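The values are calculated or read from the model by the stated rules, or taken from the named source; none is laboratory data. As the structure is a prediction and not an experimental result, all values here were calculated from the model. Neighbour counts are summed over all protein chains in view; Cβ atoms, including those assigned to glycine, are modelled from backbone coordinates with ideal geometry.
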Amino acid sequence: MIEAEDIKPWLFRIEPFDGESLSHFLGRFRRANDLTPSGLGKAAGLGGAITRWEKFRFNPPPSHQQLENLAAVVGIDADRLVLMLPPAGVGMKMEPIRLCGACYAESPCHRIEWQFKETQGCNRHLLRLLSECPNCGARFKVPALWVDGWCHRCFTPFVEIVKLQKVFVN
């Protein structure tokens, strides 16, 4: 007879976007599987690390073992998770959360490079990164909470804010 504790839960797999931040990926994965940050942390044996990582708190950086544990739960390779983190030696801004509307229109995700300290603008679209909604002035929430791809206060879609972005001169 099968016991309840013998039944292993199954999870929906989520494919990461190129350049996607770990924060955004974790939020998408959690929503697809109806998990809280602590629920995902428990499933991966990581405790409160998920909550820290969703807020770009990588000090100390995730260990190889932690990434392997997370990879086993989310169903992607640990090396792929590493690409969602800042490279060694690159300074990060935990706040404000920044966004390029033109990039988001092409690939609906938060890009890790937007949070690098040295990144001031989008070199691809030559636009300044935004740290608040140009329509209402609300600061962007952490990417793990970006459910619908719009401002949480005025509901302006991220893909439409590109019209309000200023040109970035490198």
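Tallying residues that are outside any loop (DSSP other than H, G, I, E, B) and free of Cβ contacts under 8 Å to residues at least 60 places away in the same chain within the stretch 118-148 yields 7. Note on the stretch 34-45: among residues that are of a type outside the set (G, A, S) and under 11 Å from V73 (Cα atoms), the one that is surrounded by the most Cβ atoms within 10 Å (Cβ to Cβ) is L40. Here R124 fulfils each of the conditions (1) of a type outside the set (V, I, T); (2) more than 17 Å from the chain's Cα centre (by Cα); (3) outside the structural domain of E15 (by TED's automatic domain parsing); (4) closer than 23 Å to F12 by Cα apart from (4).
Applying the condition of being in contact with a strand residue (DSSP E or B) (Cβ under 8 Å, 6 or more places away or on another chain) and free of Cβ contacts under 8 Å to residues at least 40 places away in the same chain to the stretch 46-90 and asking which residue is surrounded by the most Cβ atoms within 10 Å (Cβ to Cβ) yields P86. The residue of the stretch 87-100 that is farthest from F58 (Cα to Cα), among those that are in contact with a Ser or Thr (Cβ under 9 Å, 6 or more places away or on another chain) and part of a loop (DSSP other than H, G, I, E, B), is R98. Between V159, V74, V147, V90, the distinction of being assigned by TED's automatic domain parsing to the domain that holds A32 and either touching a helix residue (DSSP H, G or I) at 6+ places or on another chain (Cβ under 6 Å) or modelled with pLDDT under 95 (or both) belongs to V74 only.
On the given criteria, is C109 in a loop (DSSP other than H, G, I, E, B), in contact with a Phe, Trp or Tyr (Cβ under 9 Å, 6 or more places away or on another chain) and not assigned by TED's automatic domain parsing to the domain that holds F17? Yes: the conditions hold for C109. Listed by position, the helices (runs of 4 or more DSSP H) enclosed by the stretch 12-58 that each have at least 3 residues that are modelled with pLDDT of 95 or more and hydrophobic (A, V, I, L, M, F, W, C) are 22-32, 49-54.
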